[in-house]
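Visitor: Sharing a structure, written as structure tokens. Questions coming.
We did not get these values from a lab; they are worked out from the coordinates using the rules stated. All figures in this text were calculated on a predicted structure; none of them were measured in a lab. Ideal geometry is used to build each Cβ from the backbone, glycine not excepted, and the neighbour counts take in all protein chains shown.
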Amino acid sequence: MDLDPISLRLILHVAETGTLVESARRLNIVPSAASKRVAILESQLKTPLLRRTNHGVQLTAAGQALESMARRVLGELDSIAPMIRDYSKGVRGRVRVLASASAICLFLPDELASFLATHPQIDVHFEECDSERILKGIAENIADIGISFAMQHTYPLESALYHRYELAVLVPASHELAHRRSVPFHQTLDYPHVGLWASSAANLYMNRRAAELNRAVNYRMYVDSYHSMALMVRSAWASASCPGA
């Protein structure tokens, strides 16, 4: 089969726009040429890829599968030129890493500095993601390595323990939990929480632990970083006695 990149990109644009006309415009081709490309793909693959509706076009189940595979293939193609150009700069390797906020805050800076010092010809590309996106990204070959919260999944991936760490409770200085040397997790459930974004590793873990106790974490606010969490606990939420976890 001769699947050319333009036809694969057309499938991606159709998935995003829901219209062949707009998809053709993005590729600088006429709509009739876009329709012909789809027809050729469907003939080669022996299955319909698009479903016409009153509101445009939609991908069939086969079309959605092709979209996912095309995204991976085109990602690899797009990386060829910058990777080859890197040889002229002395960079002869590239590692794509997806990592959780916890890993980036706690472990990766020092360890990455040590790695780069030992391997100066390796280029590392980092992207911060939640654990579910990390697992999906590795399974779809969007990245080479993922550092995520340990969680159950159905992807065919190999895993190894990276680090262990403990969660801590952050409270205002006037909070009744502030002067304890340790706080059992179940006692924090008596108070409203400021948490990281809903799908963060810390939230997934705490929600699972709370469910084991037939309880639930009362999130009053979500923030996007540990720094934001500390600011909210210290100031606006201090009067409401909200801990951050």
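Visitor: With axes computed from alpha carbons, what is the tilt in degrees of helix 108-118 against the longest principal axis of the chain, rounded to the nearest 10 within 0 to 90?
Guide: That works out to roughly 60 degrees.
Visitor: Computed FRET efficiency, Cβ-Cβ of A81 and D4, R0 22 Å: what is it to the nearest 0.05? Walk me through the intermediate numbers first.
Guide: Values: r = 17 Å, r/R0 = 0.78.
According to the calculation, E is roughly 0.80.
Visitor: Same structure, new question: Could you tell me the largest-minus-smallest coordinate of the C-alpha atoms of region 185-240 on each of the three principal axes, in descending order and whole angstroms?
Guide: 32, 23, 14
Visitor: Can you list, bin by bin at 10 Å, the percent of alpha carbon pairs in the chain, starting at 0?
Guide: Percent of Cα pairs in each bin: 6, 22, 22, 21, 18, 9, 2, 0.
Visitor: Quote to one decimal, in nm, the extra length available between L231 and S174 on full extension: 0.36 nm per residue of separation minus the C-alpha distance between them.
Guide: 19.0 nm
Visitor: Given only helices, namely DSSP H runs of n ≥ 4 each adding -39500 (n - 2.57), what is the per-residue ellipticity at 222 nm of the chain, to the nearest 500 deg cm²/dmol?
Guide: -14000 deg cm²/dmol
Visitor: Also, quick follow-up: Treat every Asp and Glu Cβ in region 5-70 as -1 and every Lys and Arg Cβ as +1, leave all other atoms uncharged, and give the resulting dipole magnitude about the Cα centre to the nearest 20 debye. Each step should come with its number before you reach the end.
Guide: Values: 8 positive and 4 negative charges, 33 e Å.
Rounded to the nearest 20 debye, it is 160 debye.
Visitor: Moving on to the next point. Share of antiparallel DSSP beta bridges in the chain, in percent to the nearest 5?
Guide: Among the beta bridges of the chain, antiparallel pairing accounts for roughly 25 percent.
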